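Presented below is the structure to which this report refers.
The values are calculated or read from the model by the stated rules, or taken from the named source; none is laboratory data. From a predicted model like this one, the values you see are computed outputs, not experimental measurements. Reconstructed Cβ throughout: ideal geometry from the backbone, glycine too, with neighbour counts over all protein chains shown. Ligands, DNA and RNA are excluded from the accessible area calculation, which covers all protein heavy atoms including side chains. Shrake-Rupley method; radii C 1.70, N 1.55, O 1.52, S 1.80 Å.
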Amino acid sequence: SDLEDLHLYATPREQRFRRFASLEFEGQLYMTPYDFIQAVTSDEPKRAKKWRSLSKQELNQILMETPPVWKGSSKLFRNLNEKGVISYTEYLFLLCILTKPHAGFRIAFNMFDTDGNEMVDKKEFLVLQEIFRKKNEKRERKGDEEKRAMLRLQLYGYHTPTTNSVLKTEGEDLVPRSYWDTLRRSTSQALFSDLAERADDITSSLSDTTLLVHFFGKKGKAELNFEDFYRFMDNLQTEVLEIEFLSYSNGMNTISEEDFAHILLRYTNVENTSSYLENMRCRIPEEKGITFDEFRSFFQFLNNLEDFAIAMQMYNFASRSIGQDEFKRAVYVATGVKLSPHLVNTVFKIFDVDRDDQLSYKEFIGIMKDRLNRGFR
């Protein structure tokens with residue numbers, strides 16, 4: 001019951017991780033690859049909440065069967081299914097990947113590559129654990145410190161300190177800072193210098209996970225190059241989109257425009273989705289269908305939403321209305337993604353509630369930001 005009480009002290013992301021995680025090892029919770037896919041494509045877990053304790057032998061067996069990074073594919077998580085362990089900080093990292101434009105992959109890689117040798121090693125990657133944890137602690141809900149400490153133990157393992165400073169050195173407190181604050185600093189070398197000093201401590205206190213073995217090999221000595229890193233991120237985005245698409249397509253090559261609207265409006269704060277769906281049904285009476293390529297191109301565009309918003313503001317400054325041609329051009333100029341005329345028409349029919357064939361871009365961007373972040377904006 002004490003563990004259930006912890007839910008009250010958890011942030012929404014922590015709550016979701018705890019709800020979908022199914023494994024526990026040495027007091028720390030883990031997701032399987034199956035759990036992760038469920039967490040980003042379903043509203044609720046498909047099975048009763050229960051954490052299964054893993055033995056050291058079972059964990060080692062799972063890690064022994066983890067494929068190397070060059071064997072990755074857009075079916076990696078589905079193929080691994082229950083044979084994998086994903087920590088809470090890795091869950092946050094994977095969520096970030098799902099919302100990043102391809103152009104941002106290089107930036108992400110360079111942030112890890114602290115020595116600038118075009119390769120990322122395990123120690124450099126593990127700095128991520130500290131950054132995500134510190135960022136997350138800033139968002140913690142206030143309350144019973146003992147319960148918060150128990151929750152940290154569950155999410156980060158025994159190694160987690162309960163202090164709120166980023167690092168403590170002899171007699172010196174360093175100022176807490178978020179990873180977005182540090183992102184704005186000049187170079188990655190300066191960015192990670194303080195955390196890199198503790199890399200050995202971080203490495204020795206963490207259990208290996210599926211991602212660590214996938215990226216750095218069973219002995220942790222391999223290094224990750226950008227091509228493999230890029231392919232992993234691209235594969236993960238594709239895999240999640242395939243799963244969402246296939247859940248509606250029923251084996252067909254297309255999903256209906258109404259299904260597309262359902263997927264778009266999931267995880268958003270739109271209260272009356274029925275009005276959007278009804279609006280679309282009236283205006284697209286004959287179903288043509290949305291292909292996977294169209295579906296994927298739309299979500300690639302969503303991952304570039306910030307750049308698109310700037311392009312939209314340019315139209316606004318020029319007092320120009322935003323019709324379908326303007327929308328399509330802004331998407332291409334800002335993101336390099338070409339949306340099909342049918343897809344653009346479908347989006348307009350969903351969001352043009354007053355039926356003047358113009359898009360209220362502020363409302364559209366607000367709703368899509370919720371969708372992009374799957375309800376955790």
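Here are the numbers:
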quantity	calculated
Estimated D of segment 250-372 in µm² per second, where Rh is the Kirkwood radius over Cα pairs and Stokes-Einstein applies at 25 °C, 0.890 mPa s	167
Carbon + sulfur, % of accessible area of segment 250-372 - ligands and nucleic acids excluded, 1.4 Å	46
Added length on full extension, which subtracts the Cα-Cα distance from 0.36 nm per residue, residue 52 to residue 272	75.3 nm
Long-range HN-HN contacts of residue 322 with modeled amide H, under 5 Å	359
J(HN,Hα) series, segment 272-280, from Karplus relation 6.51 cos²θ - 1.76 cosθ + 1.60, nearest Hz, glycine and proline x	10, 5, 4, 5, 5, 5, 5, 4, 5
Contour minus Cα-Cα distance for residue 44 and residue 96 (0.36 nm per residue)	16.7 nm
In nm, spacing of pseudo-spin labels at residue 325 and residue 78 (7 Å Cα→C-beta vector)	4.1
Amide H contacts of residue 23 (H built 1.01 Å from N, under 5 Å, at least 5 apart or other chain)	30, 32, 52
Cα gyration tensor shape of segment 1-66, rounded if a/c is under 1.5, else prolate or oblate by comparing a/b with b/c	oblate
Residue-normalised accessible area of segment 250-372, expressed per residue, 1.4 Å probe, Å²	50
Links that overshoot a 29 Å alpha carbon limit, given the list 46/75; 75/218; 50/75; 50/221; 75/122	50/221
Residue 289 long-range amide H proximity, modeled H, under 5 Å	257
In Hz, Karplus ³J(HN,Hα) per residue of segment 30-39 (6.51, -1.76, 1.60; θ = phi - 60°; x = Gly, Pro)	9, 9, 8, x, 4, 4, 4, 4, 4, 5
Solvent-accessible ranking of 259, 5, 115, 354, largest area first, probe 1.4 Å	354, 115, 5, 259
Inter-label distance for residue 64 and residue 332, nm, one decimal - labels placed 7 Å from Cα along Cα-to-Cβ	5.5
Per-peptide average of other Cβ atoms within 10 Å, ordering 62-68, 151-157 highest first	151-157, 62-68
Extension gain, residue 231 back to residue 11 (0.36 nm per residue minus Cα-Cα distance, nm)	76.1 nm
³J(HN,Hα), Karplus 6.51/-1.76/1.60, whole Hz, each residue of segment 82-96, x for Gly, Pro	8, 9, x, 10, 10, 7, 5, 5, 5, 4, 5, 4, 5, 4, 4
Burial order of peptide ranges 307-315, 79-87 (average beta-carbon count within 10 Å, highest first)	79-87, 307-315
